[in-house]
């Protein structure tokens, strides 16, 4: 099935560290039996409310193809990472790929 994974990272991470995290996420998807179709950095955005005391977060979005049974394990594994503020996973319905990507 197709999913969209959005991660919110600490906003003060260096560009190299963010790229490394994106690569680690893609690797985690592969280990969970999935495939990363597309990766997009959305940059630093202001938050509607602070998360862990931070008013901003750096966002990344991934388009995935992964079995539904593996999604929760992937999400839980990513949530344990120190630099992650939030992890969102949404199923993409209606033919597979998200139009906004």
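Based on other C-beta atoms within 10 Å, arrange 88, 59 from fewest to most.
By the 10 Å Cβ count, ascending, the order reads 88, 59.
Using alpha carbons only, how many degrees (0 to 90, rounded to 10) separate the axis of helix 68-79 from the longest principal axis of the chain?
With rounding to tens, the tilt is 20 degrees.
For residue 56 and residue 80, what is the calculated FRET efficiency with R₀ set at 30 Å and r taken between the beta-carbons, to the nearest 0.05?
Computed FRET efficiency for residue 56 and residue 80: 0.85.
Could you line up 51, 21 from fewest to most neighbouring Cβ atoms inside 10 Å?
51, 21
Once you've got the GNM for the chain with C-alpha springs shorter than 10 Å, pick whichever of 23, 15, 73 has the biggest mean-square fluctuation.
Its mean-square fluctuation being the largest, the pick is 15.
Percent relative contact order of the chain, based on C-alpha pairs within less than 8 angstrom and at least six residues apart?
RCO, the chain: 44 percent.
Helix 15-31: angle to the longest alpha-carbon principal axis of the chain, degrees 0 to 90, nearest 10?
Approximately 30 degrees, to the nearest ten.
What does the helix-only formula give at 222 nm for the chain: each DSSP H stretch with n ≥ 4 adding -39500 (n - 2.57), the total divided by the residues, and the result rounded to the nearest 500 deg cm²/dmol?
-9500 deg cm²/dmol
When 12, 83 are ordered from fewest to most other Cβ atoms inside 10 Å of their Cβ, what list results?
Ordered by Cβ neighbours within 10 Å, fewest first: 12, 83.
Laboratory data are not the source of any read-out in this text; all were calculated from the coordinates shown. Note that the coordinates shown come from a computational prediction; the quantities given were computed from them, not determined experimentally. Quick reminder, even Gly has a Cβ in these numbers, built from the backbone with ideal geometry, and neighbours come from all protein chains shown.
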